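Shown next, in structure tokens, is the structure this report addresses.
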Amino acid sequence: MAVSRQDLQALVAPSHNDNGRTEAPDARLERVVPFQPARARPDLVLPNLVARLEPESEILWAEMQHGERACFTPPLMRDGRNFQLHLRRLYGDGRSERLPFRYLAWTSRAKGAWSLGGDLTTFVKLIENRDREGLSAYAQLSIDVLYDNYRALDLPLLTVAVIEGDAIGGGFEAMLTNDLVIAERQAKFGFPEILFRLFPGMGGFSFLRRKLGEAEARRLIEDGRTRSAEELHRLGLVDVLVEPGEARATLRRIAAEHKARFRTDLTLKKVRHRVDPVTKSELEDIVKLWVDLALTLEAEDLRRMQALARHQMRKRAA
């Protein structure tokens, strides 16, 4: 079930029922520890992320498992970062003559959700504890993952967001870092952060401004609206709009049809990044502002955040 603007406002409406309060068992963010898988292959099975190479289409599918809740939990973020570092070790610095894949495609196992954003359960706990270090660590790890995806790990590949469910908040931000976005018609998108006096701090404005210009980027961030896949397609944020159940087959078809022009597509991406690049330092500066603002949120703001956190829990993978 998609979340409309009315639904979001209902979720954050005043309530005296504390029975659904969501608690983080441990809000500390552990350090990403490099690991060595048994095989020198891009396939990986991690607790929160499964990567599977499809040689015939030259697509590496990376499926987010969302076992706890349908958002970027710290364990999912760590697995995502380890996956990126694994690919860099395998193929970076000219260590491989040719990648066995041309597309890195991000998908989700959660029904009805690609990603519902940053882990609001963790955010509430960190803010309540006045834990600047923990909040900064989560934000920095987010920037590391999103910026590397924007850069396609500095490898000759294209990144793809295969959107089969809602992409909200940080999920919307993550989607924007991809070279190609394929979205099914029922998916919804939006930045609800303004509803609890925050803003998308992990690149939302940076990526939107490059794609839409400043005025339109501000509108999407400041009005708090949830938008349809059709509207994002008209804006150019969704590249390919498809019917429900057709997103993955569509990517396979595009991979086959664009095989002869893949080098051209890679070069055009380099041109876009050269003309108006998003820099790591820009994202890190904005994240610091986000942390500063988050630590000023009051009890009513956190109550609204908790309401949306419960929605993330309901959307977790079965």
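The values are calculated or read from the model by the stated rules, or taken from the named source; none is laboratory data. On a predicted model such as this, the values are computed, not experimentally measured, just so you know. Note: ideal-geometry Cβ built from the backbone for every residue, glycine included; neighbour counts use all protein chains shown.
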Legend entry - Set Leu153, Leu180: member being surrounded by fewer than 24 Cβ atoms within 10 Å (Cβ to Cβ), closer than 20 Å to Ser228 by Cβ and of a type in the set (A, V, I, L, M): Leu180
Legend entry - Restricting the stretch 282-298 to residues that are of a type in the set (D, E, K, R) and closer than 25 Å to Tyr147 by Cα, the residue that is surrounded by the fewest Cβ atoms within 10 Å (Cβ to Cβ): Asp285
Inset, instruction - Looking for whichever is modelled with pLDDT of 95 or more, basic (Lys, Arg) and either within 18 Å of Pro74 (Cα to Cα) or out of contact with any Lys or Arg (no Cβ under 9 Å at 6 or more places or on another chain) (or both) here; the options are Arg102, Arg185, Arg197. Which one fits? - result: Arg185
Inset, instruction - Evaluate the stretch 299-311: report whether one residue or more is buried (at least 19 other Cβ atoms within 10 Å of the Cβ), small (Gly, Ala, Ser) and in contact with a Ser or Thr (Cβ under 8 Å, 6 or more places away or on another chain). - result: yes
Inset, instruction - Evaluate the stretch 170-183: report whether one residue or more is touching a residue at least 24 places away in the same chain (Cβ under 8 Å), over 24 Å from Ala62 (Cβ atoms) and not basic (Lys, Arg). - result: no
Inset, instruction - Quickly run through the stretch 171-201 and pick out the residues that are closer than 17 Å to Glu222 by Cβ and touching a Gly at 6+ places or on another chain (Cβ under 9 Å). - result: Phe172, Glu173, Leu176, Phe189, Gly190, Phe191, Pro192, Glu193, Ile194, Leu195, Pro200, Gly201
Legend entry - Matching residues, the stretch 169-194, being farther than 20 Å from Ile127 by Cβ and part of a loop (DSSP other than H, G, I, E, B): Thr177, Asn178, Asp179, Arg185, Gln186, Ala187
Inset, instruction - Residues being farther than 18 Å from Ala249 by Cα, touching a helix residue (DSSP H, G or I) at 6+ places or on another chain (Cβ under 7 Å) and not charged (D, E, K, R): count how many of those fall in the stretch 93-123. - result: 10
Legend entry - Looking only at the stretch 48-69, and only at residues there that are in a loop (DSSP other than H, G, I, E, B) and closer than 17 Å to Val145 by Cα, the one that is modelled with the lowest pLDDT: His66
Inset, instruction - Please indicate, with yes or no, whether at least one residue in the stretch 258-266 is touching a residue at least 24 places away in the same chain (Cβ under 8 Å), out of contact with any Lys or Arg (no Cβ under 7 Å at 6 or more places or on another chain) and within 19 Å of Tyr147 (Cα to Cα). - result: yes
Inset, instruction - Would you mind telling me which numbered condition in (1) without any contact (Cβ under 8 Å) to a residue 12 or more places away in the chain; (2) loosely packed, with under 14 Cβ neighbours inside 10 Å Pro244 fails? - result: (1)
Inset, instruction - Filter the stretch 99-146 down to residues that are of a type in the set (Ser, Thr, Tyr) and either in a helix (DSSP H, G or I) or in contact with a Pro (Cβ under 9 Å, 6 or more places away or on another chain) (or both), then give me how many there are. - result: 5
Inset, instruction - Give the stretch 184-238 a look and list any residue that's among the small types (Gly, Ala, Ser) and over 20 Å from Val287 (Cβ atoms), or say none. - result: Ala187, Gly190, Gly213, Ala215, Gly224, Ser228, Ala229, Gly236
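Part of a helix (DSSP H, G or I), over 30 Å from Leu99 (Cα atoms) and out of contact with any His (no Cβ under 6 Å at 6 or more places or on another chain): which single residue out of Ile254, Ile286 fits that description?
Ile286
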Inset, instruction - Quick one: count up the residues across the stretch 195-236 that are in contact with a strand residue (DSSP E or B) (Cβ under 8 Å, 6 or more places away or on another chain), buried (at least 19 other Cβ atoms within 10 Å of the Cβ) and in a helix (DSSP H, G or I). - result: 3
Legend entry - First in the stretch 304-318 and at positive phi and in a helix (DSSP H, G or I), second anywhere and buried (at least 19 other Cβ atoms within 10 Å of the Cβ) and small (Gly, Ala, Ser), Cβ under 8 Å, 6 or more apart: none
